[in-house]
1. Could you grab me the full set of residues in region 184-238 that are more than 18 Å from Leu157 (Cβ to Cβ) and either free of Cβ contacts under 8 Å to residues at least 24 places away in the same chain or among the basic types (Lys, Arg) (or both)?
2. Looking at Ser361, Ser377 in this structure, which one is buried (at least 19 other Cβ atoms within 10 Å of the Cβ), hydroxyl-bearing (Ser, Thr, Tyr), over 16 Å from Ala395 (Cα atoms) and under 26 Å from the mean Cα position of the chain (by Cα)?
3. Can you tell me how many residues within region 348-357 are in contact with a Phe, Trp or Tyr (Cβ under 9 Å, 6 or more places away or on another chain) and either basic (Lys, Arg) or within 17 Å of Leu486 (Cα to Cα) (or both)?
4. Modelled with pLDDT of 90 or more, β-branched (Val, Ile, Thr) and open to solvent by 60 Å² or more (accessible area, probe 1.4 Å), is that true of Val341?
5. Taking only pairs six or more apart or across chains, which ones have beta-carbon atoms under 6 Å, a first residue in region 13-35 that is under 17 Å from Gly381 (Cα atoms), and a second residue that is of a type in the set (A, V, I, L, M, F, W, C) and open to solvent by 70 Å² or more (accessible area, probe 1.4 Å)?
6. Applying the selection to region 32-70, what residues are of a type outside the set (A, V, I, L, M, F, W, C), open to solvent by 90 Å² or more (accessible area, probe 1.4 Å) and outside any loop (DSSP other than H, G, I, E, B)?
7. Taking the options Ser208, Ser253, Ser223, name whichever one is closer than 29 Å to Leu59 by Cβ, open to solvent by 20 Å² or more (accessible area, probe 1.4 Å) and out of contact with any strand residue (DSSP E or B) (no Cβ under 6 Å at 6 or more places or on another chain).
8. List the residue pairs whose Cβ atoms are under 7 Å apart, where the first residue sits in region 161-172 and is over 13 Å from Asp130 (Cβ atoms), the second is surrounded by fewer than 16 Cβ atoms within 10 Å (Cβ to Cβ) and small (Gly, Ala, Ser), and the two are 6 or more positions apart or on different chains.
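The values are calculated or read from the model by the stated rules, or taken from the named source; none is laboratory data. These numbers were taken from a predicted model, which means no experiment stands behind them. In this analysis, Cβ positions are derived from the backbone assuming ideal geometry, glycine residues included, and neighbour counts consider all displayed protein chains. Please note that ligands, DNA and RNA were not included when accessible areas were found on the heavy atoms of the full protein model with its side chains. Shrake-Rupley method; radii C 1.70, N 1.55, O 1.52, S 1.80 Å.
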Amino acid sequence: MAKSTAVKRARRTLVWLLVIFIALAGTTAAGAIWGGGSWLPKLGLDLEGGTEIILAPKLETGQTVSNDQVNQAVSIIRQRVDASGVSEAQISTQGGQNIVVSIPGKPDDATLARIEASAKLEFRPVLVTDTATVPTTTPTPGLDSTPTAQPTDDSDLAWVTPALEDQFLNIDCSSTAATDAGQAPADQPLVACGNDGAKYILGPVEVSGETVTNATSGVAQTSSGASTGQYVVNITFNDQGTAEFATVTTRLSGLTGAQNQFAIVLDGQVISAPRTLAVITNGQPQISGNFTADTAKTLADQLKFGALPISFTVQSQNTISATLGSTQLLSGLIAGLIGLVLVVGYSLLQYRVLGAVTIASLVVAGTLTFLVVDLLSWRAGFRLSLAGVAGLIVAIGITADSFIVYFERIRDELRDGRGLESSVQAGWKRAIRTIFASDFINLMAAVVLYILAVGSVKGFALTLGMTTVIDLLVVIMFTHPILTLLAELPFFRDGHKASGLDPRQLGAVYRGRAQFKTPSASIPRGKQESASREAARRQTIAERRAAGSEPLVIEPSVSTTGTSTTGTSTTGTSTTGTPTTGTPTTGVPTTTAPGTGTPGRRAPDSNTTGAAKTKAATATAVDDNPTTSAAETAPDATTAASGAADATPTAQTPSRPTPPVRKPSSKRKKR
């Protein structure tokens, strides 16, 4: 029943593995056909090439940029690129102030926006708004830009000067000058254009984007939890921002018209100008507008990672070739092939036909790895660099090591006398703990390396961790079930020499099914006795019947002059018969009760005479040795048939006292 259960479980596990294969292959094929994916994994910058973008800082006359500002900008840009799903990007500095961003392949507009935008977020009150139109006049120079009266607050219309009004009337929101117009000091009003086709006159900054601690994107929901289908950006302020935003919304909620609006300005452009319907005191406002899923996520990433310390402009954008090229990729693949051939050759040499299980497991692991890498390339933007290829090559050794641990555990169980079916299950219980410990260490190393490393080293860490998880999956769902099924085949179960699981070649003494290997002189006596006890303990009733109704024992013979050695029972006690004359005689064999280790009387044979069945022999030594002992014997059928009932009993000196089974009756006649 246990064996049948194990086989059923193995078949069920293989079916689930097949389901995983079909799901991965189907998803990859669907992505390649309909989802813009590819049949092959995308390659990294070092193997395929890509786009190089050089960012130069915007500096006023006499303004300089420090190393700390440049390093901070590099860190923020790297976070933005990683958040966009682009893998294997390289960001570095040039000339102490420029930033070079190298991206594999051709980046999309959203990725470029993440890189170029400074994400300078400001919250300003709206003073005047109107629909943006193409101006028919030109701005009048020389107008007064000083307020005629001192504004009482940031929503006071006194901020609107003649120069500001003239700029508002003549601004062209389709030109690049509109964005530059939105770059004004925080304590001054400005004219800005919005994404909704409107133009605004805005008051000074009241809440800075630096007070934003987190920003997420998602679909807006009503108070009842129903989805509105509109994408929004949720902002969380720190304590300072919460207090400032509560003060502003308290004032704006009492105003009407355009002054009730609150503009959110990003890089000089109004991305949203919602009306203030209530006082927001929890510091968690929500930005809504004409967002899509991608634009909402882009804005949330820009706000979450913070604004650049300085503004940058794109100095150049060029297409670059692969830094290593196909030659290095081919060299890496050849190195992996050599390692694979060595592993296969060792497996066949060491494990013979059993090595085919290693080869099949490596094929399964390789196929799973390919499908997962291709899926990550499509859905997560992962790109395979030369460092990632190195991680895949290392995985060959990790996977083969798990198989070797498992196979050796099975062999250990066979050496201990188990059958193949039970050896597979017992060896699995011992091997899986070792495999888990080894793979867990590899996985921890990969996780730490991925967290601390940057650039292409992250690719190595990712492939190393991924293949470690796949190794566990293959060992549990393929290797073990396959061995469970192979243990049922006569070729492996009977221990064929080419199977790699031959108990005779492994040095096993007890081979199961009442079969024993004759011990050689090189096997220590202690091991022979241990194997003999194990054999007697594991014998079934059918095996005892097949052996002639006697416990099977191992009896190595040792010949000496004038002395005979009796058989060694399963208790490991030997006795030496001492003849009463000068002629050597053999000691009478004793039997052992199975499973107890206590000497007992062997059942008499049907051919034994009545006198031999009832008499107990007692002998006294007649030589110069004054020590005598008695032993109870029962002659076998052959001795009884040939008249051995009259044979002279011999004295025996056991190595340890043997308790009598019963006391001889005093009424018996001594011969």
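1. Pro185, Val219, Gln221, Thr222, Ser223, Ser224, Gly225, Ala226, Ser227, Thr228, Gly229
2. Ser377 is the lone residue from the list that is buried (at least 19 other Cβ atoms within 10 Å of the Cβ), hydroxyl-bearing (Ser, Thr, Tyr), over 16 Å from Ala395 (Cα atoms) and under 26 Å from the mean Cα position of the chain (by Cα).
3. 5
4. yes
5. Final answer for the pair search is Ala32/Trp39.
6. Across region 32-70, the qualifying residues are Glu48, Asn67, Asp68.
7. The conditions single out Ser208.
8. Pairs that qualify, where the first residue is over 13 Å from Asp130 (Cβ atoms) and the partner is surrounded by fewer than 16 Cβ atoms within 10 Å (Cβ to Cβ) and small (Gly, Ala, Ser), are Thr161/Ser145; Ala163/Ser145; Leu164/Ser145.
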